[in-house]
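Asker: Here's a structure for you.
The values are calculated or read from the model by the stated rules, or taken from the named source; none is laboratory data. Treat the numbers as computed from the prediction; the structure is a model and nothing was measured. As a convention, Cβ positions derive from the backbone with ideal geometry for all residues, glycine included, and neighbour counts pool all protein chains shown. We work out accessible area using only protein heavy atoms, side chains counted, and drop any ligands, DNA or RNA first. Shrake-Rupley method; radii C 1.70, N 1.55, O 1.52, S 1.80 Å.
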Amino acid sequence: MSSESKPYIIVLGNEKGGTGKSTVTMHVITALLWKGYQVGSIDVDARQGTLSRYVENRHHRVKESNLSIPLPQHTAIYKSTLDNVTEAEQEEEANFTQALTQHQNCDFIVIDTPGSDTHLSRLAHSYADTLITPLNDSFIDLDMLVRVDPDSLNILRPSTYSEMVWDQKKHRAMRDGGKIDWIVLRNRLASIHSRNREEMERVLSALAKRIGFRLMPGFGERVIFRELFLTGLTLLDMRETGTPMTLSHLAAKQELTALLEGLNLPKSLDRSQAA
Ligand SMILES: Nc1ncnc2c1ncn2[C@@H]1O[C@H](COP(=O)(O)OP(=O)(O)OP(=O)(O)O)[C@@H](O)[C@H]1O
Ligand SMILES: [Mg+2]
């Protein structure tokens, strides 16, 4: 990339825990790496450290087996231990902006955030060019985005997380006039059709227009999305390891390709012809 252009920032966020933020982060990072981009990765959930461990595992794998697979430049940011809230927030902000500066040479920076409301997470959201919110296909998870009437399933009002995203959109606009493209990605979709799935579809489609996100079909419930964590690999690295692909792997790859295409990356970064 040219020295003047800034890295494009993708943030994975949802205040609900266990919705697939870290899983989707690892897959987006490897997909971008295999397209030949320079990718910076930042873990602002360093206490849990799922993404940091994944990157560590990937480095270990490269060292141990001489695999030729691309690696991101990684930074983990810990919550400040200062007692004074203002000072703690200032320290976190300084560490966060320093991490962004460290990755200035990258085409992309992909940031994993915790499943809770923290200052670092809010800060990361406010820097997003694209925010991806994975959501399990369950009304428990939907509750973090919106309150619905239990009988009619009509939308009553946006919930905590949607309000937080709205605030960060305003922060972003005030800082540099930029916009956050918010994508909600359904995750762990069951292969069988169900009434729950249909109702989720209906409520999410109505909600997308009302609170301003784009809805993506997302990832199915698939073993391949979780089984390679310890090896630091994803399904996109299987060509290098010589592992044969099953139909489920191909379907997973298609889901990931659809996500990457749906990101509508800026034209200057478009490498749709690459692997
Ligand atoms: N599409 C999928 N298919 C199968 N398993 C999945 C899928 N997505 C996520 N998982 C599994 O669901 C669990 C939660 O995923 P993950 O850790 O990525 O969520 P998270 O949102 O990062 O959680 P936290 O909020 O705790 O950081 C993990 O065990 C992961 O392997
Ligand atoms: Mg996580």
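Asker: For MET144, MET238, give the ranking by accessible area with the largest first, probe 1.4 Å.
Answerer: Numbers: MET144 45, MET238 10 Å².
From most accessible down to least: MET144, MET238.
Asker: Sticking with this one: Using Cα-Cα distances under 8 Å and only pairs 6 or more residues apart, what relative contact order does the chain have, in percent?
Answerer: 24 percent
Asker: Using Cα pairs under 8 angstrom and six or more residues apart, how large is the relative contact order of the range 1-160, in percent?
Answerer: On the way: 265 pairs, mean separation 60.7, N = 160.
The value is 38 percent.
Asker: Between VAL44, VAL85, VAL11, which gets the highest mean-square fluctuation from a Gaussian network model of the chain, Cα cutoff 10 Å?
Answerer: Answer for the Gaussian network model of the chain: VAL85.
Asker: Now a separate question. Amide H to amide H under 5 Å from VAL148: which residues, 5+ apart in sequence or cross-chain, H placed 1.01 Å off N in plane?
Answerer: Here LEU156 satisfy the definition.
Asker: Filter LYS21/LYS209; LYS35/LYS169; LYS79/LYS267; LYS6/LYS253; LYS79/LYS209; LYS16/LYS267 down to the pairs with a C-alpha to C-alpha distance above 26 Å, please.
Answerer: Table pairs above 26 Å Cα-Cα are LYS35/LYS169; LYS79/LYS267; LYS6/LYS253; LYS79/LYS209; LYS16/LYS267.
Asker: Another question about this same structure. Quick one: what are the phi-derived ³J(HN,Hα) couplings along the range 41-50, Karplus 6.51/-1.76/1.60 with θ = phi - 60°, whole Hz, x for glycine and proline?
Answerer: Using θ = phi - 60°, the values come out as 10, 10, 10, 9, 10, 5, 4, 6, x, 4 Hz.
Asker: About its Cα centre, what dipole magnitude does the chain give when the only charges are +1 on Lys and Arg Cβ and -1 on Asp and Glu Cβ, stated in debye to the nearest 20?
Answerer: 680 debye
Asker: Provide Rg over Rh for the range 37-99; use the alpha carbon set for both Rg and the Kirkwood Rh (inverse mean inverse pair distance). List each step's numbers first, then the result.
Answerer: On the way: Rg = 14.7 Å, Rh = 13.2 Å.
That ratio is 1.11, to two decimals.
Asker: Determine ³J(HN,Hα), in whole Hz, for all residues of the range 166-175 in sequence, where each value follows from phi through the Karplus function 6.51 cos²θ - 1.76 cosθ + 1.60 and θ = phi - 60°; x replaces Gly and Pro.
Answerer: With coefficients 6.51, -1.76 and 1.60, one gets 4, 4, 6, 4, 5, 4, 4, 4, 5, 5 Hz.
Asker: In terms of modelled amide H atoms, which long-range or inter-chain residues lie less than 5 Å from the amide H of ILE9?
Answerer: ILE109, ASP129, THR130
Asker: So how much accessible area does THR257 have, in Å² to the nearest 10, using a 1.4 Å probe?
Answerer: Taking all protein chains as shown, THR257 has close to 70 Å².
Asker: Among the GluC sites (Glu not before Pro) within the range 191-275, which fall in a DSSP loop and have no more than 12 other Cβ atoms within 10 Å of their own Cβ?
Answerer: Numbers: sites: GLU198, GLU199, GLU201, GLU221, GLU227, GLU240, GLU255, GLU261; in loops: GLU221.
Answer by residue number: there is no such site.
Asker: Under the rule a/c < 1.5 gives rounded, and otherwise a/b versus b/c splits prolate from oblate, where does the range 151-231 land using the Cα gyration tensor? Each step should come with its number before you reach the end.
Answerer: Working: a/c = 2.82, a/b = 1.28, b/c = 2.21.
Oblate is the answer for the range 151-231, as a/c is 1.5 or above yet b/c matches or exceeds a/b.
Asker: Sum up the charges of everything whose Cβ sits under 11 Å from the Cβ of GLY115, counting Lys and Arg as +1 and Asp and Glu as -1, but leave GLY115 out. Walk me through the numbers before you get to the answer.
Answerer: Details: positive: LYS16, LYS21; negative: GLU15, ASP45, ASP112, ASP117, ASP141.
Counting the neighbours of GLY115, the net charge comes to -3.
Asker: Further, regarding this structure: Of the candidates SER159, SER126, SER52, which one comes out as most mobile in a Gaussian network treatment of the chain with C-alpha springs shorter than 10 Å?
Answerer: Judging by the Gaussian network model, the answer is SER159.
Asker: I've got another one for you. Once the principal axes of the Cα atoms of the range 3-268 are found, what is the range along each, listed largest first in whole angstroms?
Answerer: Projected onto the principal axes, the Cα atoms of the range 3-268 cover 57, 51, 38 Å.
Asker: For LEU82, what accessible area in Å² do you get when you roll a 1.4 Å probe over the heavy atoms of the protein chains, rounding to the nearest 10?
Answerer: 80 Å²
Asker: Arrange the residues TRP182, TRP34 by how much accessible surface each exposes, largest first, with a 1.4 angstrom probe.
Answerer: Working: TRP182 5, TRP34 55 Å².
Accessible-area ranking of TRP182, TRP34, largest first: TRP34, TRP182.
Asker: For the chain, what is the mean residue ellipticity at 222 nm derived from helices alone (per DSSP H run of n ≥ 4: -39500 (n - 2.57); sum divided by total residues; nearest 500 deg cm²/dmol)? Intermediate values should be presented prior to the final figure.
Answerer: Values: 10 runs with 118 residues, N = 275.
Mean residue ellipticity at 222 nm (helix-derived): -13500 deg cm²/dmol.
Asker: Could you please put ARG172, ARG157 in sequence from largest to smallest accessible area, using a 1.4 Å probe? Don't jump to the answer; show the numbers that get you there.
Answerer: Numbers: ARG172 20, ARG157 120 Å².
Per-residue accessible area, sorted high to low, gives ARG157, ARG172.
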